[in-house]
Each structure stands twice: as C-alpha cells, then as structure tokens.
1. Scan the range 82-105 residue by residue and report those that are under 14 Å from residue 32 (Cα atoms), at pLDDT 80 or above and part of a loop (DSSP other than H, G, I, E, B).
2. Checking residue 46 against (1) open to solvent by 80 Å² or more (accessible area, probe 1.4 Å); (2) within 21 Å of residue 96 (Cα to Cα), only one condition comes out false. Which one?
3. Given the conditions (1) under 27 Å from residue 296 (Cβ atoms); (2) modelled with pLDDT of 80 or more, report the number of the one that residue 465 does not fulfil.
4. Name the residues in the range 12-38 that are in contact (Cβ under 8 Å) with a residue 12 or more places away in the chain and not in a loop (DSSP other than H, G, I, E, B), would you?
5. Testing residue 73 on (1) closer than 30 Å to residue 127 by Cα; (2) touching a helix residue (DSSP H, G or I) at 6+ places or on another chain (Cβ under 6 Å), one condition comes back false. Which one is that?
6. Cβ-Cβ under 7 Å, sequence separation 6+ or interchain: first residue in the range 313-328 and touching a residue at least 60 places away in the same chain (Cβ under 8 Å), partner part of a loop (DSSP other than H, G, I, E, B) and acidic (Asp, Glu). Which pairs?
Amino acid sequence: IGHPEIFPLVLTVQTQEIFNCRVDEDVTEQNRFKLIKKEDIIQDLKTRAAVSDFHPVKKVVLEYPGEELLVVFDAEFQYGQNFYLVASEEAKENLLKPPETAEENEEENGTLDVQPYKPPVSKPWVSLGSEKEVEEESVKDTRTKIKYMISRVRRMFGAPITFSDKNASEVKDSYVECTSYQDKAFSIPVLEKDVGIQMVPKVREAGTQTNWTYPKNTATQYFPRQLSDEEKEENLSSEKLKDFLASVSLRMEIALQQNEIMNAFFDDWKALGEEESGSGGKPGVFLEAYQSFTDLRYLKDSMIRCVCWHPTIDGIVAVSARRRLSYEEEVNLCDKSVLQQSVIIIWSFFDPIHPQLILECPEDIDCFQFSPSDPNIIAGGCISGQVVLWDVSEHKEKLQNEKPVDDDKMIDVNTVKGSFLNVLRYNSMSGPSLTEAQQSHTEPPLVRCCIVSSIEDSHKKSVTDLHWLPAYFEVS
C-alpha cells in the first residue's frame, strides 16, 4: 500500500496469549498498540521455529535496531491481516506520539502557530528486488536490422503508380515492387449490423473421421518377463498373497463348477432358431392350465380387475370382476347399468366349481387387499371413489375346513367338461335342467360390507390401488 516499514501479520490465539496481546482484552480498537521485546520474539522463533507467527518477518526482527517492536491491532483489516508489525523507529514514534494538529494547537494556545517551511529531504534509493523483473520484461533487439532502400528516377516523380505481382526469381536489376496487402491484425469494428436468419427444419447426417497426427512414443514388449528365483520365493511367502488366495478361493471354485456345468460360449439364440425350425415353428414347451374358476351368475360378461391370495390359508384366492363397458360408458359412469350386482368371489382350489364366499359390493371393485395383521378384514376400492370394508371372521371356519379330497375322488378338468356335456345332452332329452342342477348345490353365503365411506368424503375418481399401513405406523 506504499508503506515499506509495515508488515502484516496473522497472530493466532496461542501467540496472542504468549505475548499478552489478546484481542478485545489486551488490545482493542481504542488501544491498538502493543510493544513486544525483541528478545521475546527471538526466543519464540527459536522455540517454535517455522510454527511461530513471526517466522515470515524473521529477517526484519533480527535487523531491527531497537529493543522493542511495535505490534498494532488492525481491526479494520486495512493491511489484510489482524495485526501488522512496524519495522522502523521513526514510524513507531509517529504512531505512538502523533504530531499535534494545527486545530489542537489553536485550541490550546488560542493562536495559530505558523511553522517554518522545511524542504523535503531526498532519501536514498532502496531496492525491493524489482530490477530483475524489469530486466526480464524489457524488449531487446537480438537480430540484426535489415535495411531497405527504395529509389525512383527523378523524372518519374509525380507520375501515376501501378502495382502488380512479380516472382522474386525473375528480378534482374535488383528492383522489386512492393504490392499492397490486407493486414489481418487490423480491422474496423462493426458497431451495428442487420442480419436476417430463417430457421429451416432440415436435418442432415454427416460423418467425420479425424486422423491422429499427434506424435506419441510407444513401446511393445515381445519377450516374456521371467521372475527370478528370489522374486518367486518372496511372492509365494507373502502374507498378502495368501490372504488374497484365501478370499477368492471359494469364488474360483464356484466359477470352475459353473464352467463344467454349462458352456458359457453356447449360442442360445441360434439354438432357439434351430429348435423352432425343427418343430415347424411351434414351441415344444408350453404350460397347461392347472385350475379354472367360472361363475355364470356373477362373472358373466365381466372382466377380472383384481386377484388376491389369502395371506394365511393355502389354496384360497379372491377375485373381483367388472362389467365390460363401451367407450361412452367408460367416460360417463353414471349411465352404466345397475342390473348386475357387483361382488368379490372367494374360490378354493379344492372346489373349483362352487365359490366359497360372496362379498357384496355397492359398486364395481377395482382393487382390494386382505389385512396383513387380521386376514379376516378385507378393504376394497370402488370405481365411485368409495372405500369398503368387509369382516369374514364368522365364515373363517368354512374357509379353513376346505380339505383336499382323495386321489380317487379328485375332479379332473376333462371329466368336468364331459359331465357338463352329458348334462346338456340329458336336458335335451328329458329330466332336470342345468339350472336346477346348480340350484341343488348349497348357495355360498353372501357377506355384506360392514363399513362404507360416504360419497361426500370419498375420492372424486376411481380407486385403482390401496395398501394397508404397517402396525407401527401412526396417523396424527
């Protein structure tokens, strides 16, 4: 900043405690000065060496002529740090005892003292080490200057001048014309320019191949590098190698077993094509239907919307169906027919013909879930936005008492189909009808819902999914 006798310092809390110059205690904004003995600073430099905060100004401290150095607390960070060191006696005296201003003298004496003029005394030049930088940045002529002389016959003075190109090899009389050229380093800046741009949706694909012309040193090793006996013995006796082999041995054994079991390079896609071509384009492996559940009363002209397994009882599955609607009926659900009752049917794998339970629904059910904590509680979501709750605890024994029949009494799908055909043939001749045969079987119990949300407090749109919250979840 123009004060060569001032050196900014960063004094840490430890240094402040050593020299009793703690901020806001020993030194404040009103009392910023602290005199520290030169011997104490030198002793601190010897004790803490480079760790000492006075290490950057070690040379200044050693060359200081006085016995005490002035350290000033820089609260406003005028010189960039929290303290600064005064490296001259004259500056120290000026800071500790500033000269009285003319106004103070006038207030004290009542008159203005006129000080005699003292011409400024020139100080000797003090080098700060910038001569080397000035010398390095200066431009020096290292090449010999080329001199050109251009002459013209006196009688040609004032005549028009024409310029043309000429090859230097054709010069005979050492006379070369200097043609004009455009200087690329000089250009007139454009202050204002009107440009019209029209975007055209035109796509073009192009390919570019860049040649690598950057020189690069490469090396290729074509002789194998053999380890010496000492290196082999050192590697085999290494504990790090033993730990590595012990950690990967199990994975290597599994990989070797997999290589023996299957061929990793076998082309499954090609083999699949050969298999299809050999079998006439039809796959040779397919899955057969295990069970099918059909109810002509509730599931006629309907589509399945949700299927859920019973969480605790094996072989029990619940199904909800929804009538097929046209596009206009899907848009305006209020125009749908209400002739068909909406239900959830619970089937058992041990009786695929007759449902076990029928859950009555106020509207078509898009989703439902068994409670994980109490499977007797079932929650469902309607297309009207309502949420319905059923309690089937009274019929729990009916679901659990369904046991598989003996092997000789198992109902086969083909047998069931054949029995239906026989019933149809029998009906065509005489005897009871199929409807009467179905009515002879005991009707499944119809379970009504125990809780239904009101239309005003329900969802505005259809409920497409719902989940039970865990037992530890609390709603405030």
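The values are calculated or read from the model by the stated rules, or taken from the named source; none is laboratory data. Remember, predicted model here, so these are calculated numbers, not experimental data. Positions of Cβ are generated from backbone atoms using ideal geometry, with glycine treated the same way; all protein chains shown enter the neighbour counts. All accessible areas refer to the heavy atoms of the entire protein, side chains included, with ligands and DNA or RNA removed. Shrake-Rupley method; radii C 1.70, N 1.55, O 1.52, S 1.80 Å.
1. The one that is under 14 Å from residue 32 (Cα atoms), at pLDDT 80 or above and part of a loop (DSSP other than H, G, I, E, B): 82.
2. All conditions are met except number (2).
3. Every condition holds for residue 465 apart from (1).
4. 15, 18, 23, 27, 33, 34, 35, 36, 37, 38
5. Unmet condition: (2).
6. Taking only residues 6 or more apart or on different chains, the pairs are 322/364.
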